[in-house]
Amino acid sequence: MFRKLREGFSGLISKVATTELKAEKLRPMLEEFRINLVENDVAVSVADHICGEIEKRLDGVQVKRLEDKRELVEKNLREVLLEILSGNERIDLFELAQEKKKGNQPLVIVFVGINGTGKTTSIAKVANLLTKNGYLVVLACSDTYRAGSIEQLEEHAKRLGVRMIKHTYGADPAAVAYDAINHAKAHRINTVLIDTAGRIQTDRNLMNELAKIKKVINPDLTILTVDSLTGNDAVMQAEEFHLRVGIDGTILTKVDADVKGGSALSVTYVTKKPIVFIGTGQTYDDLEEFRPEQFTEMILK
């Protein structure tokens, strides 16, 4: 996981540790590092920010020993990465669900993202996580246009032993979501997870449809799923969905197969919203809470 990104950071630390810490000496190395970052799916704006911060922090610093210099470089890289990844408010689903439960209301989460990012599977994983922690869940299939979407979510619901609310294909997606919330209220169900259509992010009809769903049901959270393997496409999707629909956080999928690792940095930086979970495999249990400190150590180790 993230092998290429780790190699890039390791290479920079080794080079900077053996040179004089002056801007004119650092710039050629940082330019090479910037290219490496971009090649590993870090958006250009993020790569520029990281390199600019490192130059600013190290320029003119006096260090006597090689080992101390390595530690200094690594310390500053860690701080820059954590600022990018931790500068957003953390989302705790259990805490939010508990707060809603006190008011006898369900926690309502809308999941958005284009087809192929693992959105429906991620919903099932979140449902599995919630049920294992004692929360009741109902799924809503507001993706009423894609062939097989209802059956796909229905199969997950059966496997997990949770209820699912559906209408017929071509039905109003907002009406499905509305009915699911009313069902949850009537049956004292704690959480409502809503699947939505996932055409390409530039589809105006899709964005209008998602905006309508949000207007009708006023969800507590809107979570975007992005595929870490799509690189800069993931960044473009995140920007577009956040601009047109508004998101509160992201789930980064297929992280276990990602040798580059730049998507996590980029998506967080461009949206200024936290990554809530990362998908690390195919089973329902392969969903992990995203921890900025752990991710940073993984890159710098």
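The values are calculated or read from the model by the stated rules, or taken from the named source; none is laboratory data. Please read all numbers here as calculations on a predicted model, not as lab measurements. Reconstructed Cβ throughout: ideal geometry from the backbone, glycine too, with neighbour counts over all protein chains shown.
GLU89 satisfies every condition listed in (1) in contact with an Asp or Glu (Cβ under 7 Å, 6 or more places away or on another chain); (2) part of a loop (DSSP other than H, G, I, E, B) except (1). When the residues of segment 56-110 are filtered to those that are among the β-branched types (Val, Ile, Thr) and closer than 12 Å to LEU21 by Cα, the one that is surrounded by the fewest Cβ atoms within 10 Å (Cβ to Cβ) is VAL61.
There is at least one residue in segment 114-132 that is closer than 22 Å to SER266 by Cα, surrounded by fewer than 16 Cβ atoms within 10 Å (Cβ to Cβ) and not acidic (Asp, Glu).
Scanning for something in a helix (DSSP H, G or I) and either at pLDDT below 90 or closer than 18 Å to GLU289 by Cβ (or both), does segment 56-66 turn up at least one residue? Within segment 56-66, one or more residues are in a helix (DSSP H, G or I) and either at pLDDT below 90 or closer than 18 Å to GLU289 by Cβ (or both). Evaluated against (1) in the same structural domain as GLU289 (by TED's automatic domain parsing); (2) under 18 Å from the mean Cα position of the chain (by Cα); (3) buried (at least 16 other Cβ atoms within 10 Å of the Cβ), VAL42 falls short on exactly one condition, (1). Restricting segment 1-37 to residues that are farther than 15 Å from LEU77 by Cβ and touching a residue at least 24 places away in the same chain (Cβ under 8 Å) leaves a set whose member that is surrounded by the most Cβ atoms within 10 Å (Cβ to Cβ) is MET1.
To keep it simple, each residue is scored yes or no on (1) charged (D, E, K, R); (2) at pLDDT below 90; (3) surrounded by 20 or more Cβ atoms within 10 Å (Cβ to Cβ).
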{"residue": "GLU209", "(1), (2), (3)": "yes, yes, yes"}
{"residue": "LEU243", "(1), (2), (3)": "no, yes, no"}
{"residue": "THR253", "(1), (2), (3)": "no, no, yes"}
{"residue": "ASP258", "(1), (2), (3)": "yes, yes, yes"}
{"residue": "LYS273", "(1), (2), (3)": "yes, no, yes"}
{"residue": "ILE278", "(1), (2), (3)": "no, no, yes"}
{"residue": "TYR284", "(1), (2), (3)": "no, no, no"}
{"residue": "LEU300", "(1), (2), (3)": "no, yes, no"}
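Out of LEU107, LEU72, one residue alone is at pLDDT below 95 and at negative phi. It is LEU72.
Here's the yes/no breakdown for (1) within 14 Å of the chain's Cα centre (by Cα); (2) closer than 22 Å to ALA174 by Cα; (3) among the β-branched types (Val, Ile, Thr):
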position: LYS101; (1), (2), (3): no, no, no
position: PRO106; (1), (2), (3): no, yes, no
position: ILE109; (1), (2), (3): no, yes, yes
position: GLY118; (1), (2), (3): yes, yes, no
position: ILE123; (1), (2), (3): yes, yes, yes
position: VAL126; (1), (2), (3): yes, yes, yes
position: LEU129; (1), (2), (3): no, no, no
position: LYS132; (1), (2), (3): no, no, no
position: VAL137; (1), (2), (3): no, yes, yes
